[in-house]
Amino acid sequence: MMEEQVNQEVISMPRIGDPAPEFTAVTTQGEINYPSDYEGNWSILFSHPADFTPVCTSEFMTFATMESQFEALNCKLIGLSIDGLYSHIAWLRTIKEKIEYKGMKDIEVTFPLIEDISMDVAKKYGMIQPNEDSTKAVRAVFFVDPKGIIRAMIYYPLSLGRNFDELLRVVTALKAADEFSIATPADWRPGDDVIVPPAGSCGTAQDRMEGKEDMTCYDWFFCTKKLDEETVWKAIKK
Ligand code: BEZ
């Protein structure tokens, strides 16, 4: 974990490959211990700047609408802002009872939303980025694997609503990479060709270039192979 002193305060920035920092928190679905309660599941821990704000509302409605797609990948969602529990409850009730947006209505947010008035959790996860805003969390997204290891993270500024298809693609690609020991090229989606590991672990460079392996090589360092969509989904869906 990287720590930095900013204005006398220690700011932690977890990194890819680190164990997810542990905490106990009150949420809209009761108390949680993270990441231990999520052992055996993938999870996405994400922050938003504030309840009762428009970008965050559009994000929660979108995420809640897509929750079943994350659930199908055995991936749980956990939100956080530095608002209190009663604010969270009132905001989520307003979303359900009053907001109709882009065809989404009557949206019930059933995943936990953490209250973090003390900012303890937000600070542990580098969600408070003072040069953006010192009293609100930025839009951070942590992808945590079933062993509690941070596998990817994305930070967005306050003004930028996230792309939830991309968040789903990240979980999909991380799980596929684990299952098939491959890497995924730019913009990869299930059904697209995948990148095979470097020469040595999978045929020699010469074998690859001569087409002895079932691969397409663009050069000695860049080989792909087919991985059909059904096989991917079968392996990564729970
Ligand atoms: C929003 O969610 O709309 C928002 C929240 C904080 C700052 C800017 C926008």
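Points to keep in mind about this one:
- Listed by chain and number, the aspartates and glutamates whose C-alpha is less than 20 Å from the C-alpha of LYS123, apart from same-chain residues fewer than 8 away, are GLU3, GLU4, GLU9, ASP18, GLU22, GLU31, ASP51, ASP83, GLU115, GLU132, ASP133.
- In summary, the lysines within cross-link reach of LYS237, defined as a Cα separation below 26 angstrom excluding same-chain residues under 8 places away, comprise LYS76, LYS147, LYS175, LYS225, LYS226.
- Distance between the modelled labels on GLU71 and GLU132, one decimal in nanometres: 2.9 nm (7 Å Cα→Cβ projection).
- Bridgeable lysines around LYS124 (alpha carbons under 18 Å apart, same-chain partners fewer than 8 residues away excluded): LYS136.
- Bridges between two residues of the chain, per DSSP, are antiparallel at a rate of about 75%.
- Remark: HIS48, HIS88 ranked as HIS88, HIS48, counting other beta-carbon atoms within 10 Å and listing the fewest first.
- Compactness index (Cα Rg / 2.2 N^0.38 Å), the chain: 1.15
- Residue-wise HN-Hα coupling along the range 77-88, computed from phi with Karplus coefficients 6.51, -1.76, 1.60 (Hz; x: Gly, Pro): 10, 9, x, 7, 9, 8, 7, x, 4, 6, 5, 4
Bear in mind that the values in this text are calculations on the coordinates, not laboratory data. Fair warning: this is a prediction, and the values are worked out from it, not measured in the lab. Glycine also receives a Cβ, built like all others from the backbone with ideal geometry; neighbour counts cover every protein chain displayed.
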